[in-house]
Amino acid sequence: MWECQRCGRQFKRTKQSHFCKEPPKSVDSYIKEQPDVIQPRLQELRQVLKQTLPDAKECILWRMPTYRSEKGNIIHFAAATKHIGLYPGDKAVNAFSNRLKDYKSHKGSIQFQNDEPLPLDLISEIAKWCYETGNHH
């Protein structure tokens, strides 16, 4: 077992990536906790999701910004060291697989590298698909 020196949590993997602090209370606080260089990208992504999903509730679940409807979670996103992860679920990743060939994707997640522009139109289409098809998870 490995124990984080900052928070004292224990993990099976040495130097397991995790979030030491208290979970953010809002998407604003989540974004403000990220490195300055990533914040504009997260704001861009957030704006696209808010425009695409105007009736969705924005909240924090599993320490990630999440968009929900009355039927459940629609989509999540999160910052990582080298990418921004989008979590639309495995059905969405399968449905868009032909358009995701330039991105790393796995089990319901898509990675957009921080040194490349965000494909905002594609992200919007994925979010809309999740909402319209009822692909809530």
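First measure r as the distance between the Cβ atoms of Glu132 and Ile60, then evaluate 1/(1 + (r/R0)^6) with R0 = 22 Å and state the FRET efficiency to the nearest 0.05.
With a Förster radius of 22 Å, E is 0.35.
Gain in length, Gln47 to Glu125, computed as 0.36 nm per residue apart minus the alpha-carbon separation, to one decimal in nm?
26.7 nm
Which FRET efficiency, nearest 0.05, do Val37 and Asp102 yield, Cβ-Cβ r, R0 25 Å?
Working from the Cβ atoms, E equals 0.70.
Mind checking the angle between helix 120-133 and the chain's longest principal axis? C-alpha axes, 0 to 90 degrees, to the nearest 10.
80
For the chain, what is the per residue volume of the convex hull drawn over the alpha-carbon atoms, in cubic angstrom?
Considering the Cα atoms of the chain, their hull volume per residue is 121 Å³.
If packing is taken as the average count of other Cβ atoms within 10 Å, what order do 90-98, 15-23 fall into, highest mean first?
Ranking the peptides 90-98, 15-23 by packing returns 90-98, 15-23.
Using the Cα centre of the chain as origin and beta-carbon charges of +1 (Lys, Arg) and -1 (Asp, Glu), tell me which of His106, Phe96, Pro54 is placed farthest towards the positive end of the dipole.
Value computed over the given set: His106.
Would you calculate, for the chain, the mean residue ellipticity at 222 nm contributed by helices, counting each DSSP H stretch of 4 or more residues as -39,500 (n - 2.57) and dividing by all residues, to the nearest 500?
The per-residue figure over the chain is -8500 deg cm²/dmol.
By per-residue mean of other Cβ atoms within 10 Å, what is the highest-first order of 1-13, 111-123, 73-85, 38-50?
The most tightly packed comes first, giving 73-85, 38-50, 111-123, 1-13.
Where a number appears in this text, it was derived from the coordinates with a stated rule and is not lab data. Fair warning: this is a prediction, and the values are worked out from it, not measured in the lab. Positions of Cβ are backbone-derived with ideal geometry, glycine not excepted, and every protein chain shown enters the neighbour counts.
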